[in-house]
Amino acid sequence: MHRPAAIRAISTARSLCSRIALAAALTVSGGLLFASHASAGDYLLGPQDKVRLKIYEWRASKDTIFEWTALNDQFTVGADGKLSLPFVGEIDAAGQVPGALGTAIGDVLMSRMGLGRPPDVSVEVVQFRPFYIVGQVTTPGEFPYRPGLTVLQALSIAGGLRTREDTSTRLEREVISGRGDISLLALTNVNLLARKARLEAELKGTDDISFPEALTKRQDDSSVALAIEQERLVFRARKDGLTTQIQALNSLKDFLAKELSSLEGQLTLFDEQIALVQKELTGVSTLVDKGLTAAPREIALERSLAQVRGDRLSAETAVFRARQEISRADISINALNNQHATEVSQSLRETQAQINEVARKADTAVQMLRDSEVTAPRLLALRTRAEEAEPIYSIVRPGSDGKSVEIPATEATLIEPGDTVKVKIPLPSLDASGLPLPGAAGDSSTSSVLGMAEDDSAAIGSARAATLSGTQ
């Protein structure tokens, strides 16, 4: 009698525990679903959304709560707006709230798995699809979405409004750099003009350099005076070197001329010796024919005559060699002068070409500097006023029918996933030339640059004139 009662008490306790566990599981599931709704509100799912599923089923036959582990995972909504799940297949997710999607999944599972009731399905959005921002921002592109995101917050994520590169500081650097370029070109032109004057003097063979007026009237300038002095030193060194080589060749010619004169004197003496020996040989030959003297005497005289003639021939060869060396010395002098003239002419052509190139570069540099000092400040005023203008925001939002609609927005407007935020800065009014109208805000920021242009205009003009003078 007591045992059946005990069994019924144990069964009742087990059933009570199971019901408590089921209530706890449903509470967790409901809490997750509530959290999903709390975070997303009436958020409609779409492509690229990532959701986490949690599916539980109460099985009364086993008095347990069954967890669908194969489905309790994260899934991403495809580009076609469908969610592909095991045991469920493809189910429409785009345009549905997470709670409705959970109900639809539960109904499909009940139908396909032959369940008596649909399991409890919780759908939680763990990663929203991105939003996009374009226009006048520092870093346009795609960014991850988070709930409650406003236009102003999206602008800060994209790095804020695009900063302008052309500032007064940058313009001042350009002006300083342009002046430096012109000064460098002017100095280069001074050196080229001095070199050209020196080469012309070398080509004419004058004793001094005649520098152009563009240099002589600026000798008080240390750079001009240095260029003139350096070219004079080079002129003297080259002239002395050429003169030394020519003098050495002339000295060789003088030595060879003296040697030639000595050899010609030897030829005269040899001719006299030959005449005397020939005369004596004629007399001895007559006596030999008459038998009055011995034949060996005649032979000795013939031998002496042959030796003297041989010595004269050697002396005559030396004369020819001396005359040849004198001719070579003359040729060397002419070749030295011709080579010097050729080198000077080539250097003169190259120098003139460099002067012309410097003139063209100077003209371009002056024009660019003029633009930086005059035109660029007005353009800077235009952009400065553009930065002070209020940006215009709009949101391009995809519609349910596949068409997008553009919505005016403010900094406080909430953004939805998939939205494209457009940021535009209106430009101020322009005059007929395309430049900003004078007298508006922003012009004062360029006054220092314009002042620099006015103060330095005379210096720029003189530098340009000095640079271009080489082509005259």
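For the reader, a short list of remarks on this structure follows.
- Set Leu256, Leu281, Leu276: member being under 16 Å from Ser327 (Cβ atoms) and in a helix (DSSP H, G or I): Leu256
- Residues satisfying the stated conditions in the stretch 108-135, i.e. open to solvent by less than 50 Å² (accessible area, probe 1.4 Å) and either on the phi > 0 side of the Ramachandran plot or in a loop (DSSP other than H, G, I, E, B) (or both): Leu115, Pro118, Pro119, Phe128, Arg129, Pro130, Gly135
- Pair list, Cβ < 6 Å and 6+ apart or interchain, from the stretch 77-91 residues that are under 13 Å from Gly106 (Cα atoms) and free of Cβ contacts under 8 Å to residues at least 40 places away in the same chain to residues that are open to solvent by 50 Å² or more (accessible area, probe 1.4 Å) and of a type outside the set (S, T, N, Q): Pro86/Ala70
- Glu298 vs. criteria surrounded by fewer than 16 Cβ atoms within 10 Å (Cβ to Cβ), part of a helix (DSSP H, G or I) and of a type in the set (Asp, Glu): no
- Out of Arg309, Arg349, Arg328, Arg321, one residue alone is more than 18 Å from Gly241 (Cβ to Cβ), touching a residue at least 24 places away in the same chain (Cβ under 8 Å) and part of a helix (DSSP H, G or I). It is Arg309.
- Considering the stretch 67-107, the residues that are of a type in the set (Phe, Trp, Tyr) and at pLDDT below 85 include one that is most open to solvent (accessible area, probe 1.4 Å), namely Phe87.
The values are calculated or read from the model by the stated rules, or taken from the named source; none is laboratory data. Fair warning: this is a prediction, and the values are worked out from it, not measured in the lab. Note: ideal-geometry Cβ built from the backbone for every residue, glycine included; neighbour counts use all protein chains shown. Accessible surface is based on the protein model in full, side chains and every heavy atom, while ligands, DNA and RNA are left aside. Shrake-Rupley method; radii C 1.70, N 1.55, O 1.52, S 1.80 Å.
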